[in-house]
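The values are calculated or read from the model by the stated rules, or taken from the named source; none is laboratory data. None of these values were measured; they are calculated from a predicted model. Glycine gets a Cβ as well: all are built from the backbone with ideal geometry, and neighbour counts include every protein chain shown. Heads up: the accessible areas ignore ligands, DNA and RNA and are worked out on the full protein's heavy atoms, side chains in. Shrake-Rupley method; radii C 1.70, N 1.55, O 1.52, S 1.80 Å.
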Amino acid sequence: MLRHKHSIRLSAVDQRLFEALTGPGQPAPTTVTDYNQRLRLAVQTWSQARSRDERDLGVIAAGLLLDEQDHAAVIDHQRLARVRH
């Protein structure tokens, strides 16, 4: 993921993970706000699932939320990382 302030661009891997959690067919998010809103919706949806494995997808989605105020917060190798400048 590339990030500049509130704008983001997902790598191909990040996009596949994002679609697996939020559903296919939507354009890639281009802002941190859109990214987080769609992940929060996925968290709500997956948390109501019947199986433990599906509920775990909600936990994964929650773990991918970005700090909207910390412009250094990005996703790197499926974990939240801090980029030092």
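Quick one: work out Rg over Rh on the C-alpha atoms of the chain, Rh as Kirkwood radius.
0.97
So how tilted is helix 12-22 from the main axis of the chain? Cα-based, degrees 0 to 90, rounded to 10.
Roughly 40 degrees, rounded to the nearest 10.
How far is helix 52-63 tilted off the main Cα axis of the chain, in degrees rounded to 10, range 0 to 90?
Its long axis makes an angle of about 20 degrees.
Place a label point 7 angstrom from the Cα of Glu54 along the Cα-to-Cβ direction, then list the residues of the stretch 3-45 whose backbone nitrogen is under 15 Å away.
So the set is 21-23, 42-45.
Given the -39500 (n - 2.57) contribution per DSSP H run of 4+ residues, what per-residue ellipticity at 222 nm results for the chain, rounded to the nearest 500 deg cm²/dmol?
It lands at -14500 deg cm²/dmol.
Compute the long axis of helix 32-47 from its Cα atoms, compare it with the longest principal axis of the Cα atoms of the chain, and write down the angle in degrees, 0 to 90, nearest 10.
Relative to the chain, helix 32-47 is tipped by roughly 20 degrees.
Using DSSP to define loop residues, name the trypsin sites (Lys or Arg not before Pro) in the stretch 1-50 whose beta-carbon has at most 11 other beta-carbon atoms within 10 Å.
Passing both the DSSP loop test and the Cβ count: Lys5, Arg50.
Per residue, how much accessible surface does the chain expose to a 1.4 Å probe? Answer in Å², no decimals. Please list the in-between numbers first.
Details: 5740 Å² over 85 residues.
Dividing the accessible area of the chain by its residue count gives 68 Å².
Per the 1.4 Å probe, what fraction of the accessible area of the chain, in percent, lies on carbon and sulfur atoms? Walk me through the numbers on the way to the answer.
Values: 3020 of 5740 Å².
Taking all protein chains in place, the chain shows 53 percent carbon and sulfur surface.
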